[in-house]
Amino acid sequence: MSALEDAIAILGCFTYEEPALTQAELTRRVGRPKATVSRVMKVLRETEVLEFDPESRLYRPGIKLFELGQISRSHQNFLDLVQKHLQHVCAVGGHTGYITVFDGYQISVLRMIRGSSPVAIATAPGYRAWPHATSNGRAMLALLQGEEWRQRVPDSLPFVSKQTPNDHEELAEWIRKIRETGRSYSTNGSYEGVSSQGIAIQNPDTAEVIGVAVSYPSALATPDMEEGIGSLLDEMKIQILRYVKTEAN
């Protein structure tokens, strides 16, 4: 096992029921040599991942883990807020919604919300796509400051379809229009016969950019339907930003 695997095994021993353990007990539970555990524990203690009480000889999760937990908690709380509003959009608009985040040069689906329509475009959580080829991905790129979006896409954009940008110059024009209009559309982009609209919102606690998309069959798209979904997404973004502003004050 690597030192990282040893550290993960050690941290996995702590629970709500047993928040503090001795080094001897940790060594017994992970089944590793005493010298190995001692070496890893020393690093965990020095980096404040674990705290050590010299009187009781007990180790417990340290301040660094608390800080990471707070980041995770704020991230999940914001995602819950986004999901709550997206559920309303999907219920009223009738189509499937997605919540995404950047994952390297791609975006990854974190959550999926089915709409009320029996015709559903379903992509499971964990699915990855190129941001330049999706409405939510382009909205996420457009939310970044200035030319920062160039750092989120490869130097050579992978070909996805004829309906997506082929290079940075084309993508820059799409981003300009999204910033100007506040709307991001995709028709037959990642998949033939599938259209979508997307928005992006920044988590105020972590600065992470969260993407939101509503997908529907292109054959069902009418100007009125697309305007209705666009308006629902616009209102969703306004409501979330208003909530964030209120919480900040």
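Derivation of every value follows stated rules applied to the coordinates shown; laboratory data play no part. Everything numeric here is computed off the predicted structure, so don't read it as measured data. Note: ideal-geometry Cβ built from the backbone for every residue, glycine included; neighbour counts use all protein chains shown.
Test of understanding: what is the full-extension gain from LYS42 to GLU147, defined as 0.36 nm times their sequence separation minus their Cα-Cα distance?
Value of the extension gain: 33.5 nm.
Can you list the residues of segment 17-40 with backbone N under 17 Å from a point 7 Å past the Cα of ASP53, pointing along Cα to Cβ?
17-26
Build a GNM of the chain with springs between Cα atoms under 10 Å: which of SER161, SER195, SER215 gets the top mean-square fluctuation?
Looking only at SER161, SER195, SER215, the biggest GNM fluctuation is shown by SER161.
Round to the nearest 10 and give me the degree value, 0 to 90, for the angle of helix 63-93's Cα axis relative to the longest principal axis of the chain.
Relative to the chain, helix 63-93 is tipped by roughly 30 degrees.
Dipole of the chain, Cα-centred, from +1 at each Lys and Arg C-beta and -1 at each Asp and Glu C-beta, to the nearest 20 debye?
520
At what distance in nm do the modelled label points of MET225 and THR206 sit from each other, each positioned 7 Å from its Cα along Cα→Cβ?
3.4
Mind pulling up the Rg/Rh value for segment 3-61? Radius of gyration and Kirkwood radius, both on Cα.
Rounded to two decimals, Rg/Rh equals 0.91.
Going by how many other beta carbons lie within 10 Å of each one, how would you line up CYS90, CYS13, fewest first?
CYS13, CYS90
What is the local net charge at ALA213, summed over the other residues whose Cβ is closer than 12 Å to its Cβ (Lys, Arg +1; Asp, Glu -1)?
Surrounding charge for ALA213 is +2.
How many nm separate the modelled label positions at SER161 and SER2, each set 7 Å beyond the Cα in the direction of the Cβ?
3.8
Assuming 0.36 nm per residue, please report the length gained on full extension of the stretch THR187 to TYR16 beyond their Cα-Cα distance.
That works out to 56.7 nm of additional length.
Scan [x] 44, 20, 17; [y] 42, 23, 18; [z] 23, 22, 19 for the value of semi-axes √(5λ) of the Cα gyration tensor in Å calculated from this model and give just the label.
[x]
Report, to the nearest 10°, how far helix 223-248 tilts away from the longest principal axis of the Cα atoms in the chain, using its own Cα long axis and a range of 0 to 90°.
Here the helix axis deviates by roughly 40 degrees.
Classify segment 102-194 from the C-alpha gyration tensor, please: rounded if a/c falls under 1.5, else prolate or oblate depending on whether a/b exceeds b/c.
prolate
LYS162: which lysines have alpha carbons under 22 Å from its alpha carbon, excluding same-chain residues fewer than 8 sequence positions away?
LYS177
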